[in-house]
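Here the structure is laid out as structure tokens; the discussion comes afterwards.
The values are calculated or read from the model by the stated rules, or taken from the named source; none is laboratory data. This one's a predicted model, so the numbers in the text were calculated from it and none came from an experiment. Positions of Cβ are generated from backbone atoms using ideal geometry, with glycine treated the same way; all protein chains shown enter the neighbour counts.
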Number of protein chains: 2
Amino acid sequence: MQSIKGARSSFRNINPYANRGMTLEADLEASNTFYLVNDIAIVHKKPTPITISKVDYPSRLQAVIREGYFRTPSTTDYNGIYKGKYIDFDAKETKSKTSFPLNNVHPHQIKHLESIARHGGIGFLIVRFTLLNKTFFISIEKLLEFMKNSNRKSIPLEYFEKEGYQIADKYNPRVDYIEVINKLYFGGKK
Amino acid sequence: MQSIKGARSSFRNINPYANRGMTLEADLEASNTFYLVNDIAIVHKKPTPITISKVDYPSRLQAVIREGYFRTPSTTDYNGIYKGKYIDFDAKETKSKTSFPLNNVHPHQIKHLESIARHGGIGFLIVRFTLLNKTFFISIEKLLEFMKNSNRKSIPLEYFEKEGYQIADKYNPRVDYIEVINKLYFGGKK
């Protein structure tokens, strides 16, 4: 990927450690921008769904929302395209050092990712154990497998280490989940 | 598609003419729901992007947005998956009877759809001439071809009739754009 080199050099004046400790969401935002400007993949975060109940028009040019409520998203937060394939995922953080509580994932998100996989897309979660500074890719297939075979309300860290893929902590892109997808679905070696 | 039959019969008590004259957006919402419940395709409209600048918490359970502003979307409104393929489009209406003004489409939307096509996805517009009650599918490739070969600021109706595909006005799904995609990209006959 020669384009990576070009992008790196254009960032060379920025302190590479300046953004350590950012949230997973911010890291993904930066990673998706990296993929976009280097024409590697096109992935965007969906806007937060809001029900608007009151809007003011203080000027002809601008509307101001004066009353609105957050809605529960019916799907996941991220989707896009990589090498022609539809990809779809959500990102979750946990402060637990031992397991990922499944109540972090809405049942309709599981159902949505399951449908995506059935239609030939790549569905997954990105889960970060913030206190361990470990970020994992776990496919919807492996997630469903766990839920089918266990009554536990949380997925142990060991399951991620065994059945998921740890995403290396890099400078740019910070959360290189496309590298994992490339290995898993496009014949790259692990 | 045997599932269509089942869905139709479950709607049989509803007056088929009750919703005539709805907006393209409402028609697409109904069509996408039809595709979803019949497991034909998974396509969602993205929420409107909003910048929130003030939130109240009148109770522990609910947040109320007290100040927010509409942002310009950086992509298109609709995306999803059909038969494993990534699909991405925007929907536009015009009251003109003769041509579709190109200032209805933001340059970044054109650029976005162009990238989608380059990455192997299916990018297009759905354009409705509301006063003619005609709705067309036009691929990003045909849109770019027009813009490359013409300095006109609007696309004549004839171009849609020749290079696009008129989407039949059906009961359910109301705007059956998947039928067009099936013909164009999956070897169905016209």
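The set of residues in region B:98-114 that are buried (at least 19 other Cβ atoms within 10 Å of the Cβ) and either touching a Gly at 6+ places or on another chain (Cβ under 9 Å) or of a type in the set (D, E, K, R) (or both) comprises B:His112, B:Leu113. Residues in region B:123-143 include at least one that is in contact (Cβ under 8 Å) with a residue 60 or more places away in the chain and of a type outside the set (Val, Ile, Thr). Taking the stated definitions as given, is A:Val175 without any contact (Cβ under 8 Å) to a residue 60 or more places away in the chain and either of a type in the set (S, T, N, Q) or crowded, with 18+ Cβ neighbours inside 10 Å (or both)? Answer is no for this residue. Scanning region A:33-51 for residues that are more than 8 Å from chain B (Cβ to nearest Cβ) and either modelled with pLDDT under 95 or assigned to a loop (DSSP other than H, G, I, E, B) (or both) turns up A:Asn38, A:Ile40, A:Thr51. Listed conditions (1) touching a residue at least 12 places away in the same chain (Cβ under 8 Å); (2) over 17 Å from A:Gly80 (Cβ atoms); (3) of a type in the set (Gly, Ala, Ser) are all met by A:Gly120, apart from (2). Those helices (runs of 4 or more DSSP H) of region A:72-190 in which at least 1 residues are in contact with a strand residue (DSSP E or B) (Cβ under 6 Å, 6 or more places away or on another chain) and more than 14 Å from chain B (Cβ to nearest Cβ), considering only elements entirely within it, cover A:140-149, A:157-163, A:177-185. Here A:Lys111, A:Lys97 are screened, and the one residue that is farther than 30 Å from B:Glu114 by Cβ and in contact with a Phe, Trp or Tyr (Cβ under 7 Å, 6 or more places away or on another chain) is A:Lys97.
With respect to B:Pro58, is the statement that it is of a type outside the set (Ser, Thr, Tyr), in contact with a Pro (Cβ under 7 Å, 6 or more places away or on another chain) and either more than 9 Å from chain A (Cβ to nearest Cβ) or not in a strand (DSSP E or B) (or both) true? No. With respect to being acidic (Asp, Glu) and either on the phi > 0 side of the Ramachandran plot or touching a helix residue (DSSP H, G or I) at 6+ places or on another chain (Cβ under 6 Å) (or both), A:Asp77 falls outside the description. Just one residue in the set B:Phe89, B:Phe100 is touching a residue at least 12 places away in the same chain (Cβ under 8 Å) and either touching a helix residue (DSSP H, G or I) at 6+ places or on another chain (Cβ under 7 Å) or more than 15 Å from B:Val43 (Cβ to Cβ) (or both); that residue is B:Phe100. Every listed requirement among (1) surrounded by 16 or more Cβ atoms within 10 Å (Cβ to Cβ); (2) modelled with pLDDT of 95 or more; (3) of a type outside the set (Val, Ile, Thr) is met by B:Lys95 save one, (1). Scan region A:140-190 for residues that are under 19 Å from A:Ser31 (Cα atoms) and among the polar types (S, T, N, Q) and the total you get is 3.
Do we have B:Ile81 as among the hydrophobic types (A, V, I, L, M, F, W, C) and either out of contact with any His (no Cβ under 6 Å at 6 or more places or on another chain) or surrounded by fewer than 21 Cβ atoms within 10 Å (Cβ to Cβ) (or both) here? So B:Ile81 does not fit the description; no.
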